[in-house]
Amino acid sequence: MKNRSILSAWQFRIGAGLVLLAALLGMVVHLGNTQPEDQHILTEFIEHRTQGATVFLTAVTNAFSPTGTILMSFALAFGTWIWTKNWTRAVYILSSVAGASIITLVLKQIFQRDRPPLIDQVVREVDFGFPSGHTTGVAALAFSVGVVLTVSMTSRLTRLIVWVVCAAFIPLVAGSRLYLGVHWFTDTIGGACVGVGTALALSLMLRSAGMWPGKAKDRGTGSHASGL
C-alpha cells in the first residue's frame with residue numbers, strides 16, 4: 001500500500017509538472033523568445049511541401065481535429081466498456097481527453113498567441129495557436145489508450161509495441177499542423193505536454209482501482225472487472 005501511494009504521488013507530480021511546463025513555455029513564447037527558431041522550423045516544412053504529402057497530412061489533421069478526437073474518445077471508451085465491462089478504464093479515456101482540452105482552451109485565452117501568417121497556411125485557421133489543440137487531443141488520447149491497452153499485459157515486448165504505435169500518432173499529428181502552416185513548433189510541444197501530462201496525472205484512477213500496466217493479471221473479464 002505504501003509503495004502504491006508513492007507511485008501514485010509520482011504519477012501525479014510528473015503529470016502536473018508537464019502541464020506546468022507547458023504553461024512556462026507559454027510564458028517564454030509570449031515574450032517572443034522562441035520566434036526565430038519557430039520561424040526556421042516552419043520554413044523548413046513549407047519548403048518541403050509536395051502534393052501527395054499535402055493531401056495525406058490534410059486528411060490526418062482533419063481526422064484528429066479537437067472535435068474528431070473527442071468523438072474518438074467516446075467511441076474508444078464505449079468500446080473499452082463493452083470489451084472489459086470496466087467503467088474505470090472508459091472514464092479514464094474520456095476524462096483525459098476532456099481535461100486536456102479544457103486546459104488547452106484556458107491556456108489559449110491566457111497567452112493569445114497568433115498563428116503563422118495566412119499566406120503560409122494550407123488550411124485557414126485564425127484562432128489562438130498556443131498550445132495546439134490537435135496535438136493536445138491526440139497526445140491525451142494516445143497516452144490514455146496506451147495505458148488502457150497495456151494495463152493487463154505482462155509481456156514487455158507487447159507493451160513496447162503498443163506504446164510505440166500509440167506514441168507515433170503524436171508526432172504525426174503535430175507534424176501535420178506544422179506542415180500545413182497553422183502552428184509554430186512550440187505550439188505543438190506545449191500541446192504534447194498538456195495532453196500527456198493530463199493523462200498521466202489522471203491515470204491515478206486506474207492505480208486506485210488496483211490496475212497499472214504490467215503489474216496485475218487481466219482484470220478486464222470476470223466478476224472483479226464488473227465491479228470496477
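A few notes on this one:
- Estimated at 0.36 nm per residue, the fully extended path between SER65 and GLN121 surpasses their Cα-Cα distance by 18.5 nm.
- Label separation (LEU204 vs ARG13): 1.3 nm, computed from points 7 Å beyond Cα along the C-beta direction.
- Cβ-based exposure ranking for TRP10, TRP81, in which fewest neighbours within 10 Å come first: TRP10, TRP81
- Computed from the Cα positions only, the extents of the range 86-192 along the three principal axes stand at 50, 25, 18 Å, in decreasing order.
- In the calculated pair-distance distribution of the chain, the portion above 31 angstrom amounts to 25 percent of the Cα-Cα pairs.
- Relative to the Cα centre, the charge distribution of the chain, modelled as +1 at Lys and Arg Cβ and -1 at Asp and Glu Cβ, gives a dipole magnitude of about 1260 debye.
- Simple label model, 7 Å out from Cα along Cβ direction - TRP81 to SER155, nm: 3.0 nm
Readers should treat all values here as calculations from the given coordinates under stated rules, not as data from a laboratory. Just so we're clear, the structure is a prediction, and the values are computed from it rather than from any experiment. Using ideal geometry, Cβ is built from the backbone for each residue, glycine included, and neighbour counts are taken over all protein chains shown.
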